[in-house]
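Encoded as structure tokens, the structure appears first; notes follow it.
The values are calculated or read from the model by the stated rules, or taken from the named source; none is laboratory data. All values derive from a computational prediction rather than experimental measurement. Neighbour counts run over all protein chains shown; Cβ positions are idealised from the backbone, glycine included. The protein model used for the area step is the full one, side chains on, heavy atoms only, and it has no ligands, DNA or RNA in it. Shrake-Rupley method; radii C 1.70, N 1.55, O 1.52, S 1.80 Å.
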Amino acid sequence: GLSFMSQEELDGLAKLDLKSSYPSESHALEVEMLLDHETGRFQSMSSLSAHFELKDRSMQESQGSYLAFHKKSGALRRIHTLRKPVGSARQEKFRAHLLRLQSQRCEGLARIVDIFEDSRSVCLVIEQCSGGTVFDRILQRQFFSEQESSVLIRHMLQTLNSLHCAGLSHGHPCPDSFRFLSDHAHSPLKLMDFGLELKVCLSELAEPKDLEAPRRPYIGLYEACRCVFSAPEIFSKLQAPSDDMKLPKLAAALSQPLRGGAERPMAQLGNDKLDLGLLSEAVETHMEQQGEDLGLNGLLMAADAWSVGAIAFLLLCGYPPFFAPCRHAIISRVQKADFSFDPPFWSKISEEAKDFVKRCLNGAPSQRLTVAEALQHPWIQNLADNSPGGSMLASFALNLRRFYRTSLIEVFLANSLATKLTYKQLSEMLVQCKKNDLQKTGFLTSSDMKQVLHQLGHIDMAEAIGPAFARALRHPGESYLDYASLVDSMKLRRDLLHEEEIWMQFQSFDKVSEGSVLTSHILDFLDVPAMKTMLEKEAPKDATPISSSSLLRSAQDGKVSDLLEALVEIPIRLRLTVGKMLPP
């Protein structure tokens with residue numbers, strides 16, 4: 001199928017032939033696991049520092065991610081820490097889910113070397129993939145073709161399909177979810193994250209005990225450069241917490257009638273037809289045998305296929321299908337499946353590629369290609385051998401650089417300012433952004449954002465982020481940032497920072513054992529010096545001091561049924577309380 005290609009094109013494609021295995025790396029992983037203990041069980045978080053030396057966190061990394069050296073082997077690993085879902089039943093499902101992920105042996109999946117835990121968090125030790133992102137690999141090269149896009153998408157599909165066959169899923173894969181293992185030309189492309197934050201949020205919404213209780217939103221939907229890859233049903237579930245959150249069985253979702261009373265859908269690839277009703281029964285039987293993926297069934301599997309379609313769109317023209325400067329506009333376009341193949345950017349792209357994208361980006365999950373079906377699509381099977389050939393248009397690299405640059409700046413700003421600005425200062429930042437947005441577009445450039453920080457008196461911060469912008473300047477083009485969503489993302493990150501601090505402080509608050517905590521004990525805890533300092537720092541000047549009781553669901557004394565839930569709610573209630581104290 002590729003015999004027509006020139007030697008230059010074949011050489012370029014070879015750089016993305018990722019089938020090569022690395023027995024030495026796999027052996028090193030196994031040795032490292034044996035050096036400490038058997039896998040398949042959780043280690044105490046208190047012993048993490050005995051095994052690993054943590055490096056300082058980069059502001060360019062996702063929240064809770066660090067690099068660390070294994071003390072015995074010297075190997076560099078990625079450490080990812082996240083909070084468990086609230087509720088003992090959810091936590092047991094989550095722990096079982098992590099062990100199933102750790103047991104997977106798929107070349108395209110980064111290995112979970114070890115898992116540590118305490119009562120609040122889990123800490124995954126993951127093999128480090130140092131070869132960079134898909135963006136890095138493509139933008140380093142002078143030549144990139146549609147065939148190479150097809151190769152990359154096929155490897156992503158193969159990894160996700162391995163998860164689906166095991167009854168697992170991701171839910172919101174983005175280009176940054178995948179990293180090359182090394183700088184080697186034939187290095188495998190690996191899935192580095194597992195959609196765990198999304199799963200925690202969805203599992204907490206599935207059977208809420210109290211619909212009025214504040215819940216932490218999923219940060220991935222507050223970053224424009226990540227939410228463009230989310231399926232519409234993910235938006236719907238996370239934005240409608242009052243709906244019935246008991247998700248439908250996969251069979252019901254797939255075999256529901258089409259609009260207009262049509263029979264259950266049939267998927268067609270080439271000359272083969274697939275009865276989706278029968279397929280769903282087989283898949284659901286397999287799911288029951290494997291154990292449900294945190295009770296989320298086919299929701300996340302269908303979402304995976306959508307996300308791959310959105311990534312394919314990006315890798316064919318350089319910009320994502322639903323991109324808009326404003327997050328609300330992005331969500332609206334996603335929910336309507338509003339995308340188009342605009343000339344001239346798509347003039348050299350094959351019809352097979354367009355058909356693949358359209359079948360993945362179907363707004364109805366029941367009519368969308370599954371990941372397994374997507375692997376059988378002619379564009380994937382034949383590696384785009386019907387494409388015009390040759391390198392992408394010059395606009396492809398320009399568009400991709402601009403998008404990548406925006407994503408780098410978006411994450412850096414959110415991470416760095418969340419650590420430095422209080423809730424009040426973040427609200428003031430939003431007000432100043434609106435003032436500077438003279439055309440009321442809802443977005444500002446990265447240069448505009450530096451000016452906003454100068455105007456608010458945060459000159460040191462404005463100057464500190466300059467070098468970070470400079471690192472991204474090798475990708476030319478201005479970055480347009482949805483400032484309202486960016487400020488929301490900063491506030492949510494600040495919630496997380498406070499949550500981590502609250503938990504750490506509570507560990508040294510030794511009045512009671514964890515199983516017999518009363519509301520009065522938490523009120524006493526909120527009165528210790530470290531907590532009083534946190535509340536005083538967040539409270540607006542000249543405002544009434546923040547009452548400790550306002551940070552709890554109920555001030556009436558009694559046994560706290562779920563300590564983690566009570567502590568998790570404190571920073572959220574603190575943010576909401578500060579918001580009410582500010583002028584409208």
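Summary of values
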{"read-out": "Table column - 3J(HN,Hα) (Hz), region 441-451, Karplus curve with 6.51, -1.76, 1.60, x for Gly and Pro", "value": "7, x, 9, 10, 7, 4, 5, 4, 5, 5, 5"}
{"read-out": "Inter-label distance for Leu518 and Ser103, nm, one decimal - labels placed 7 Å from Cα along Cα-to-Cβ", "value": "4.4"}
{"read-out": "Label-point separation in nm, Ala96 to Gln367, each point 7 Å along Cα→Cβ", "value": "3.6"}
{"read-out": "Å² per residue, accessible surface of region 533-578 at 1.4 Å", "value": "51"}
{"read-out": "Region 58-206: relative contact order as a whole-number percent, Cα under 8 Å and 6+ apart", "value": "24"}
{"read-out": "Cα Rg, Dmax (largest Cα-Cα span) when computed across region 49-109, Å", "value": "14.3, 37"}
{"read-out": "Potential lengthening between Ser340 and Asp527 on full extension [0.36 nm per residue; Cα-Cα distance subtracted]", "value": "61.7 nm"}
{"read-out": "With all protein chains modelled, accessible area of Phe341 [1.4 Å, Å²]", "value": "50"}
{"read-out": "Under Karplus coefficients 6.51, -1.76 and 1.60, residue-wise ³J(HN,Hα) of region 330-342 in Hz, glycine/proline x", "value": "4, 4, 4, 5, 4, 5, 8, 6, 8, 9, 8, 9, 6"}
{"read-out": "Relative contact order, percent, region 89-140 [alpha-carbon distance under 8 Å, six or more residues apart]", "value": "22"}
{"read-out": "Amide H within-cut-off set for Gln43, under 5 Å, with H built and near neighbours excluded", "value": "Ile115, Phe116, Glu117"}
{"read-out": "Residue-normalised accessible area of region 97-184, expressed per residue, 1.4 Å probe, Å²", "value": "24"}
{"read-out": "Sparsely packed GluC sites (Glu not before Pro) within region 56-148, loop by DSSP, other Cβ within 10 Å at most 15", "value": "Glu61"}
{"read-out": "Net charge of Cβ neighbours under 14 Å - reference Pro232; Lys, Arg +1; Asp, Glu -1", "value": "+1"}
{"read-out": "In region 312-350, the trypsin sites (Lys or Arg not before Pro) that fall in loop regions by DSSP, at most 12 other Cβ within 10 Å", "value": "Lys336"}
{"read-out": "Modelled FRET efficiency - R0 45 Å, Gln455 with Phe509, Cβ distances, 0.05 increments", "value": "0.65"}
{"read-out": "Zone of Glu501's modelled label, taken as backbone nitrogen in region 399-436 under 15 Å from a point 7 Å along Cα→Cβ", "value": "416-426"}
